[in-house]
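K.L.:
Can you read through this structure? Questions will come right after.
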Amino acid sequence: MQDITSLGQFFKAASTQFQVYDLGRRVQHIDMMAFEQIEQQRCPYPYPIQGHAQFAMVFWNDCAQHYIWFLKIPLDERGLLSGAATQQFLHMVAEAFGQNPNTELSQEQQDRLANHPFSFKPSETKLAVFNGLVRQQLALNTSNQYPLAKRYLQQEIPSEQWHQLGLQGLVDICVRLQDPQHKQLILNGLDNSPLEVKIALCQCLEHLSLDNDILAMLWSNLLAHPQQPTYFLQAMASSCEFSSRAIVDIHQQSGLTQALLISIAARNWRVLKQDAIRSIYLEALATHEQSFFNHIFADIVAIPELRSCCLSALRDPNRSATLSAAIGGLFQATTS
């Protein structure tokens, strides 16, 4: 164990297969080569949240027994995984597994690692989406909630009986949206179901890559339910085109509330790479309390893809007096 300096090395030494999923902003798979670069501190963690990397590692041995670690590792000022924290966790792993990384992974060993300082509990929705994605990727059976959800979206059950549905069943359908039959079930739900079911579907879809048919249905729902823009906007997170259209429309119709600003930062943040949308966003952000502006700006500027454009926005000569004042308050807070 003394030569093992990363989680990837540990699993390779144990001849154990593993996959990594980010659970910080959207639930999404992290490529193995990308994760190796992250662990070697050759690139920043791509989806930081509140100064941490929040991800899940699912791993299994030859017996096909699957285990999961939910890890929350602090990031340094460069956005890199904290080497000290990673080494501390690896030391705990070594103590739990002994000096032989090839030891069979037992439930008792998992229990010894269950309550460590780097563990976290995902939200119910993220846990359901993660479970659905893993089951699909590893060709495991769907949950026992799947049949009822399928029958409901096939309109074989009265729509008012939506309260019988389980979130995991809807997730199991959504993660299979590449299949035409499952895609049609999703379209059925977004077209004909009560608002409660549409919202639940949105909470699943916000973590997935959607095609234009589903995105167009979400857009129609956004226009039809102006009192619930957050859910339909978040569900469009995979599309910068539809996200930007939605943000412009909401901005013109009712304005960007704090809840919407938080949602955009958490789910639709890629759209902020567009100059026009970023300007709308920052101008709206500047109309709220200084502490809120500081918190959200710090959150989005930490995202590697947004860092340079957000810092450039601080020097934009065309910014409003309101935004200039908010930026001044940000500098004052960071230097005091």
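The values are calculated or read from the model by the stated rules, or taken from the named source; none is laboratory data. What you see is a predicted model; the values in this text were computed from it and never measured. As a convention, Cβ positions derive from the backbone with ideal geometry for all residues, glycine included, and neighbour counts pool all protein chains shown. Ligands, DNA and RNA are excluded from the accessible area calculation, which covers all protein heavy atoms including side chains. Shrake-Rupley method; radii C 1.70, N 1.55, O 1.52, S 1.80 Å.
K.L.:
Report whether or not Q109 is modelled with pLDDT under 90, polar (S, T, N, Q) and touching a helix residue (DSSP H, G or I) at 6+ places or on another chain (Cβ under 6 Å). Let's see the steps before the verdict.
P.N.:
Working: modelled with pLDDT under 90: yes; polar (S, T, N, Q): yes; touching a helix residue (DSSP H, G or I) at 6+ places or on another chain (Cβ under 6 Å): yes.
The answer is yes for Q109.
K.L.:
Output the residues belonging to the stretch 316-330 that are within 29 Å of the chain's Cα centre (by Cα) and of a type outside the set (V, I, T).
P.N.:
To start, the set of residues in the stretch 316-330 that are within 29 Å of the chain's Cα centre (by Cα) comprises 323, 326-327, 330.
Hits for the stretch 316-330 are L323, A326, L330.
For (1) within 21 Å of the chain's Cα centre (by Cα); (2) among the hydrophobic types (A, V, I, L, M, F, W, C); (3) under 28 Å from C204 (Cα atoms); (4) in a strand (DSSP E or B), each residue gets a yes or a no:
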| site | (1), (2), (3), (4) |
| --- | --- |
| I4 | no, yes, no, no |
| F11 | no, yes, no, no |
| Q37 | yes, no, no, no |
| P44 | yes, no, yes, no |
| F70 | yes, yes, yes, yes |
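K.L.:
Further, regarding this structure: Look at the stretch 245-269 and say how many of its residues are surrounded by fewer than 19 Cβ atoms within 10 Å (Cβ to Cβ) and free of Cβ contacts under 8 Å to residues at least 40 places away in the same chain. Explain how you work it out, then say what you get.
P.N.:
Applying the first criterion (surrounded by fewer than 19 Cβ atoms within 10 Å (Cβ to Cβ)) to the stretch 245-269 yields 245, 248-249, 251-255, 257-259, 262, 266.
With the extra rule that they be free of Cβ contacts under 8 Å to residues at least 40 places away in the same chain, the set shrinks to 245, 248-249, 251-255, 257-259, 262.
Selection size over the stretch 245-269: 12.
K.L.:
What single numbered condition from (1) within 27 Å of A139 (Cα to Cα); (2) touching a helix residue (DSSP H, G or I) at 6+ places or on another chain (Cβ under 7 Å); (3) among the aromatic types (F, W, Y); (4) at pLDDT 85 or above fails to hold for F70?
P.N.:
So F70 meets the others, but not (2).
K.L.:
Please verify whether A128 is under 21 Å from S6 (Cα atoms), outside any strand (DSSP E or B) and modelled with pLDDT of 85 or more, treating the condition exactly as stated. Spell out how you get there, then give the answer.
P.N.:
Numbers: under 21 Å from S6 (Cα atoms): no; outside any strand (DSSP E or B): yes; modelled with pLDDT of 85 or more: yes.
It is false that A128 is under 21 Å from S6 (Cα atoms), outside any strand (DSSP E or B) and modelled with pLDDT of 85 or more.
K.L.:
The conditions are (1) out of contact with any Phe, Trp or Tyr (no Cβ under 9 Å at 6 or more places or on another chain); (2) modelled with pLDDT of 90 or more; (3) over 18 Å from I303 (Cβ atoms), and S15 fails exactly one of them. Which is it?
P.N.:
Going through (1) out of contact with any Phe, Trp or Tyr (no Cβ under 9 Å at 6 or more places or on another chain); (2) modelled with pLDDT of 90 or more; (3) over 18 Å from I303 (Cβ atoms) one by one, S15 breaks only (2).
K.L.:
Return the total of residues in the stretch 126-153 being buried (at least 21 other Cβ atoms within 10 Å of the Cβ) and either in contact with a strand residue (DSSP E or B) (Cβ under 8 Å, 6 or more places away or on another chain) or among the hydroxyl-bearing types (S, T, Y) (or both).
P.N.:
Within the stretch 126-153, residues that are buried (at least 21 other Cβ atoms within 10 Å of the Cβ) and either in contact with a strand residue (DSSP E or B) (Cβ under 8 Å, 6 or more places away or on another chain) or among the hydroxyl-bearing types (S, T, Y) (or both) number 3.
K.L.:
While we're here: Scanning for something within 22 Å of H29 (Cα to Cα) and open to solvent by 10 Å² or more (accessible area, probe 1.4 Å), does the stretch 181-196 turn up at least one residue?
P.N.:
Within the stretch 181-196 (the criterion being within 22 Å of H29 (Cα to Cα) and open to solvent by 10 Å² or more (accessible area, probe 1.4 Å)), the answer is yes, since at least one residue qualifies.
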